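Comments concern the structure below.
The values are calculated or read from the model by the stated rules, or taken from the named source; none is laboratory data. Quantities reported herein were computed from a predicted structural model and do not represent experimental measurements. Neighbour counts are summed over all protein chains in view; Cβ atoms, including those assigned to glycine, are modelled from backbone coordinates with ideal geometry. These area figures cover heavy atoms from the full protein model, side chains too; ligands, DNA and RNA do not enter into them. Shrake-Rupley method; radii C 1.70, N 1.55, O 1.52, S 1.80 Å.
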Amino acid sequence: MTGFPDAESYARAALTYLAEPGDVRLGALIRTRGARQVLDAIKAGDVTGAAAQRAMERWRVRLEGIPSAEEVAGFCRSGIRLIHPGDPEWPGQLADLGDAQPYALWLRGTADLRFNCLRSVAIVGSRAATAYGSYVASEVAASVAARGWTVISGGAYGVDAAAHRGALGADGVTVAVLACGVDMPYPAGHRDLLDAIAAQGVIVSEWPPGWNATRLRFLVRNRVIAALATGTLVVEAGRRSGALNSARHARDLNRRLMAVPGPVTSDLSAGSREGRARTGSRAAAVIDRDELAPETAAVLDALPARGGMGPARVAVRAGLDLRTVMRCLGVLAAGGFAERCDAGWRLRRT
């Protein structure tokens, strides 16, 4: 999309502000009613049924944050573009995600996303990569890039960064799929790397410009990495690495899944060797963070570490209705993740 957005593009852009990515209820509504009608219905609160009403409340808490069409056009003039199903640049393989496919994608960069993902490999792995893992990721990325294949990764430290740099060094195309806005240098130490990716490839996000990353958003974006790529290579990953989440998505989407075994003595390669993450030992009464329901995890991500925040503000940040937020805060308090304070709620101090 360039210049002033048409009605469909603007509706898709607005929906990326109202709902967190991967919301299958919203995805189903868009599929059956179209983005413009869904946006109008959210603004009017026009729904029937208890389940639909709860979903509508979740989306309506962010209505005040929707930009105007002029503001969306301003993003486009600044080098950011928006694509959605039906656009020439939209990768058709994202439809494999069903109703969890992105409502739209924000892009920054010179490469055509659809064309360059036709022959692509995702290279993922540990942020705390060893010298061995970084070397393998860089060498494999350079090799496949030199053969005209696109390298897809997540822009993080460790294996991701090595893969991107390997592709850039071979004058190839690389795609970074972020868990924040495409204009956000995250991690901050990768500002130059992300600019280089934009100059030679493309940066992709489901979140609007200016939005920050959260723990849950990294896991949500992994399904897009897996869906865009022809196959996924796990270079180095521990038993609980987020890279294994990408691998599971690749498996579920019937994509090729590969792994570099790594040294048998390295814990960072344990997940790669075993092909699945293990829960590990824990006290029976303790709730593990990775076991939290998506809504509860979203509330946890929204809580401040210092000060405090009222439930209404938490609802806006998490993109949930107030009743759901109150229920999740109870779960988080019982699990030892959150606590009440004079100003509302905050992460529990340890």
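Would you please give the residues with an amide H less than 5 Å from that of Trp345, counting only those at least 5 places away or on a separate chain, with H modeled from the backbone geometry?
Residues meeting the criterion, in which the H sits 1.01 Å from N, are Met309, Gly310.
So how long is each side of the range 140-260 along the principal axes, counting just the alpha-carbon atoms, biggest first, in Å?
Cα extents, longest axis first: 33, 33, 22 Å.
Run the Debye formula on the Cα coordinates of the range 308-350, all scatterers equal and no solvent, and tell me log10 I(q)/I(0) at q = 0.13, 0.18, 0.29 1/Å.
Evaluating at q = 0.13, 0.18, 0.29 Å⁻¹ gives log10 I(q)/I(0) of -0.23, -0.45, -1.06.
Hey, any idea what the orientation-averaged projected area of the convex hull of the chain's Cα atoms comes to, in nm²?
For the chain, the mean projected area of the Cα convex hull comes to 18.0 nm².
Can you give the net charge of the other residues whose Cβ lies under 14 Å from the Cβ of Met326, counting K and R as +1 and D and E as -1?
Its environment carries a net charge of +3.
Sorting check: for 25-35, 225-235, 99-109, which peptide has the highest mean count of neighbouring beta carbons within 10 Å, and how do the rest follow?
225-235, 99-109, 25-35
With θ set to phi - 60° and the Karplus curve 6.51 cos²θ - 1.76 cosθ + 1.60, what are the ³J(HN,Hα) couplings of the range 104-117 in order, to the nearest whole Hz, using x for Gly and Pro?
Going residue by residue, I get 6, 10, 8, 10, 9, x, 9, 7, 7, 5, 4, 4, 6, 8 Hz, with x marking Gly and Pro.
How big is the accessible area of Met326 in square angstrom, nearest 10, if you roll a 1.4 angstrom probe over the protein chains?
Using a 1.4 Å probe on the heavy atoms, I get roughly 80 Å².
Using Cα springs under 10 Å in a Gaussian network model of the chain, which residue among Val331, Val151, Val220 shows the largest mean-square fluctuation?
Comparing Val331, Val151, Val220 in a Gaussian network model of the chain, the most mobile one is Val331.
Please work out the C-alpha center-to-center distance from the range 324-344 to the range 33-108 and express it in whole Å.
So the separation of the two Cα centres works out to 30 Å.
Between Ala28 and Tyr186, what FRET efficiency follows from the Cβ-Cβ distance if R0 is 35 Å, with the result rounded to 0.05?
0.70
Given Val173, Ile80, Ala293, which one lies farthest toward the positive end of the charge dipole of the chain, if we put +1 on the Cβ of every Lys and Arg and -1 on the Cβ of every Asp and Glu?
In the chain, that residue is Ala293.
Quick one: net charge of Val202's neighbours, Cβ under 11 Å, K/R +1, D/E -1?
+1
Along the range 82-91, what does the Karplus equation 6.51 cos²θ - 1.76 cosθ + 1.60 (θ = phi - 60°) give for ³J(HN,Hα), rounded to whole Hz, x for Gly and Pro?
So the Karplus estimates, Gly and Pro as x, are 10, 10, 8, x, x, 6, x, 8, 6, x Hz.
Leu257's amide H: which non-local residues (gap 5+, or another chain) put their own amide H closer than 5 Å, with H modeled 1.01 Å from N in plane and none for Pro or chain starts?
Thr232
Mind listing the long-range amide H neighbours of Ala156? Cut-off is under 5 Å, sequence gap 5 or more, other chains count too, H placed in the peptide plane at 1.01 Å from N.
Amide H neighbours of Ala156: Ala161.
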